[in-house]
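Working notes, beginning with the structure itself.
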Amino acid sequence: MTSFSSDRVAEIHRQLHIHLPSEPALRVKALESVLVEKGLLDGRMIDAWVEAFAEDIGPKRGAQVVARAWVDPEYKARLIANGPAAIGEFGFLGLHTSHLNVAENTDEVHISSSARLCSCYPFSILGIAPNWYKTAAYRARAVRDPRGVLAEFGVDIDDRVEVRVWDSTAELRYLVLPQRPAGTEGWSEARLAGLVTRNSMIGTDRDLTPRTGEAV
């Protein structure tokens, strides 16, 4: 007689489903397939939009803003005083950045952003929000245990540095202005922008020091 093992069945079930997309992703894919089948949507258009937001619209836009603030003190002052107006100078102002607040990292303070209630995100300058940013675990722990969360990102904050968490809402988004790394004097804006990471503008990355031997 063939033996039955509930543990073995559970393991087989797990293996069969471990590589499947999440339920929301499956629903989106199903909806996309129906729209494409009915001729209401071109799948290539969706791919183009995803690529644009992920690679072109953001986070490269945000990196340009940060680099300009690093080399132009007057622009930096305008950015901190009125974020929407300052990014509007680049033509980057959009629906989700019309109420943008810019918070600056310093030697004494590290800023991290989250969105406990809505996972709100300034995607017009940062691109598509990373999956972890939208999870309930990050949204809750980023406020409750910010140093612990930052440590998981490989960011160890000295005890002498104050950590502040800015909570985005449906009406207000935050952009973290990271510190310009030492050793970049004389760099062009374009080269500086290449150092800026999406996570540094969220606040889960801090040290942007260029690697030794990095090309000009």
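The values are calculated or read from the model by the stated rules, or taken from the named source; none is laboratory data. None of these values were measured; they are calculated from a predicted model. Cβ atoms come from the backbone with ideal geometry, glycine included; neighbour counts cover every protein chain shown. Protein only, heavy atoms only, side chains kept; ligands, DNA and RNA dropped before computing areas. Shrake-Rupley method; radii C 1.70, N 1.55, O 1.52, S 1.80 Å.
Key figures
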| read-out | value |
| --- | --- |
| Qualifying residue in the stretch 185-195 (condition: farther than 18 Å from Ala67 by Cβ and either open to solvent by 80 Å² or more (accessible area, probe 1.4 Å) or touching a helix residue (DSSP H, G or I) at 6+ places or on another chain (Cβ under 8 Å) (or both)) | no |
| Count of residues meeting criterion [within 17 Å of Ala63 (Cα to Cα) and open to solvent by 60 Å² or more (accessible area, probe 1.4 Å)] in the stretch 96-147 | 3 |
| Neighbours by Cβ (under 6 Å, 6+ apart or cross-chain): first from the stretch 59-82, in a helix (DSSP H, G or I); second open to solvent by less than 40 Å² (accessible area, probe 1.4 Å) and of a type in the set (Ser, Thr, Tyr) | Arg68/Tyr75; Ala69/Tyr75 |
| Residue that is modelled with the highest pLDDT [pool: residues in the stretch 155-185 that are of a type outside the set (A, V, I, L, M, F, W, C) and under 16 Å from the mean Cα position of the chain (by Cα)] | Pro178 |
